[in-house]
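Chemist: After the structure tokens below, expect a handful of questions from me.
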Amino acid sequence: MTTLSTSGPLLDVRAISLRFGKSDTNLLQGVRYSVDAGETLCIVGESGCGKSVSSLAIMGLLPAGAVTIDEADVQFRGVPLDLHDTKAMRRFRGSDIAMIFQEPMSSLNPAFRIGNQIAEAVTAHNDVTEAEADARAIEMLRRVGIPAPEQRMREYPHQLSGGMRQRVMIAMALANDPALLIADEPTTALDVTIQAQILDLIRNLQRDSGMGTIMITHDLGVVAEIADKVAVMYAGIIVEAGPAERIFNDPQHPYTIGLMSSMPKMTGPSERLSTVPGTVPTIETMPKGCRFSTRCPFAQPICATPPSEQDFGQGHRVLCHFAPLNEKLERVQ
Ligand SMILES: Nc1ncnc2c1ncn2[C@@H]1O[C@H](COP(=O)(O)OP(=O)(O)OP(=O)(O)O)[C@@H](O)[C@H]1O
Ligand SMILES: [Mg+2]
């Protein structure tokens with residue numbers, strides 16, 4: 001039996017580098033972040049930057065034939081995870097580490113009643129009777145705000161709205177009190193009232209059972225509300241990470257600064273990020289040095305070489321030749 005460590009990070013992603021197909025450019029390059037028990041880490045970044053791929057890699061869910069993992073140093077409760085071994089990873093999935101997927105329809109089986117799917121997730125990991133598993137399914141459906149859960153649990157996925165299916169996914173992920181929840185855009189399809197209810201539910205589970213949470217979201221309003229830590233991802237790299245308060249109030253990477261300036265006002269409606277000019281490079285057009293250099297307002301010739309990480313303490317780290325910012329501005333002017 002493996003001894004699980006109780007101190008240190010719950011999930012410690014020390015480095016993940018991988019590429020798809022025959023490409024010799026890594027889609028993810030040295031991705032690094034950690035989350036402690038009871039803590040919420042938010043991963044932010046534009047569409048296509050690798051947020052989903054990095055969490056699927058941790059869950060051992062990337063198609064083995066399509067991906068080459070060059071570097072995978074990941075520990076869960078102090079135990080190394082072998083991301084190449086999808087069978088071994090199955091041991092952790094569901095009960096220790098649960099994931100809410102970005103595409104709710106692709107992770108619900110259309111042929112089975114939703115109650116059965118949740119109950120099955122419960123019985124797969126616990127020694128409970130069918131009646132107990134059904135009761136747990138009903139309780140979880142109620143907790144995610146599905147009205148009349150006793151009736152609803154008998155329905156099939158196609159009978160539910162997109163928002164309801166999303167909530168069923170959330171109920172299924174949380175049914176086994178996971179130690180770590182990885183939630184990929186879990187509330188994007190939901191209206192604000194239900195979104196608030198789901199965020200409350202996650203917070204309660206964190207408080208009651210010390211669940212750690214990785215939340216992937218485009219919504220900086222949500223990040224501001226729930227994040228203890230933030231990791232900013234750009235083109236497969238974590239360009240800046242640190243305590244949420246530092247990332248919001250003292251961002252150092254030009255990309256983070258761009259994202260923060262697209263932050264909606266507290267009084268305004270929730271918006272998606274969009275105001276950094278240009279688009280994320282594709283794997284074919286990936287710059288050799290700093291991956292942000294093609295869009296960076298501060299880019300200089302040195303940015304054609306890879307930057308090394310600057311450490312500002314308290315876990316605040318920045319991957320930019322010119323960090324800290326003040327120095328950067330002086331050098332550019
Ligand atoms: N199986 C695959 N084979 C090849 N490329 C892939 C595969 N899966 C994902 N990609 C590529 O990896 C990149 C990152 O995708 P990913 O889904 O992680 O982005 P994301 O940050 O989650 O974006 P979004 O915010 O839109 O969900 C994309 O360019 C995508 O085309
Ligand atoms: Mg995604």
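Chemist: Which one, 102, 159, 117, has the greatest fluctuation when you compute a Gaussian network model over the chain with C-alpha springs under 10 angstrom?
Modeler: 159
Chemist: Where is the GNM fluctuation largest for the chain (alpha-carbon springs, 10 angstrom cutoff): 127, 311, 250?
Modeler: Its mean-square fluctuation being the largest, the pick is 127.
Chemist: Note the count of lysine pairs whose C-alpha atoms are less than 29 angstrom apart in the chain, limited to pairs 8 or more residues apart or on different chains.
Modeler: Total qualifying Lys-Lys pairs in the chain comes to 13.
Chemist: Still on this structure: Just rank 49, 290, fewest to most, by other beta-carbon atoms within 10 angstrom.
Modeler: Least to most surrounded, the residues fall as 49, 290.
Chemist: What is the Rg over Rh value, at two decimals, for the range 106-177, using alpha-carbon atoms and the Kirkwood definition of Rh?
Modeler: Expressed as Rg/Rh, it is 0.92.
Chemist: Still on this model: Among residues other than residue 138 whose Cβ falls under 12 Å from its Cβ, what is the net charge (Lys/Arg +1, Asp/Glu -1)?
Modeler: +1
Chemist: What ranking of 101, 322 emerges when the number of other C-beta atoms within 10 Å of each C-beta is taken as an exposure proxy, fewest first?
Modeler: So the ranking, lowest neighbour count to highest, is 101, 322.
Chemist: Right, another one. For the range 181-245, what is the percent of antiparallel DSSP beta bridges, rounded to the nearest 5?
Modeler: 60
Chemist: Sticking with this one: So what does the Cα-only Debye profile of the chain read at q = 0.07, 0.14 Å⁻¹, as log10 I(q)/I(0), no solvent term?
Modeler: Cα-only, vacuum Debye calculation for the chain: -0.30, -1.15.
Chemist: May I pose another question? What is the sum of charges around residue 233, taking Lys and Arg as +1, Asp and Glu as -1, for the other residues whose C-beta is under 10 Å from the C-beta of residue 233?
Modeler: -1
Chemist: What number comes out for the charge environment of residue 196, summing +1 per Lys or Arg and -1 per Asp or Glu over other residues with Cβ under 11 Å away?
Modeler: -2
Chemist: Indicate, rounded to the nearest 5 percent, the antiparallel portion of the DSSP beta bridges found entirely in the chain.
Modeler: Among the beta bridges of the chain, antiparallel pairing accounts for roughly 60 percent.
Chemist: So what is the relative contact order of the range 3-71, in percent, for Cα pairs below 8 Å that sit 6 or more residues apart?
Modeler: 37
Chemist: Dipole size in debye (nearest 20) for the chain around its Cα centre, Lys and Arg Cβ +1, Asp and Glu Cβ -1?
Modeler: 500
Chemist: Fewest first, what order do 303, 320 take by the number of other Cβ atoms within 10 Å?
Modeler: 303, 320
Chemist: Under 25 °C and 0.890 mPa s, how fast does the range 14-78 diffuse according to Stokes-Einstein, given a Kirkwood radius computed over C-alpha pairs? Answer in µm²/s, whole number.
Modeler: Rounded to a whole number, D works out at 193 µm²/s.
Chemist: Quick check on the chain: helices-only [θ] at 222 nm, where DSSP H runs of length 4 and up contribute -39,500 (n - 2.57) each and the sum goes over total residues. Nearest 500, please.
Modeler: -9000 deg cm²/dmol
Chemist: Under a 10 Å cutoff between Cα atoms, tell me which one of 149, 307, 110 has the largest fluctuation in the Gaussian network model of the chain.
Modeler: Of 149, 307, 110, the most mobile in the Gaussian network model is 110.
Read the figures in this text as sums done on the coordinates, not as results from a lab. Only a predicted model underlies this, so the values are computations on that prediction, with no experimental measurement involved. All Cβ positions, even for glycine, are placed from backbone atoms using ideal geometry, and neighbour counts span all protein chains on display.
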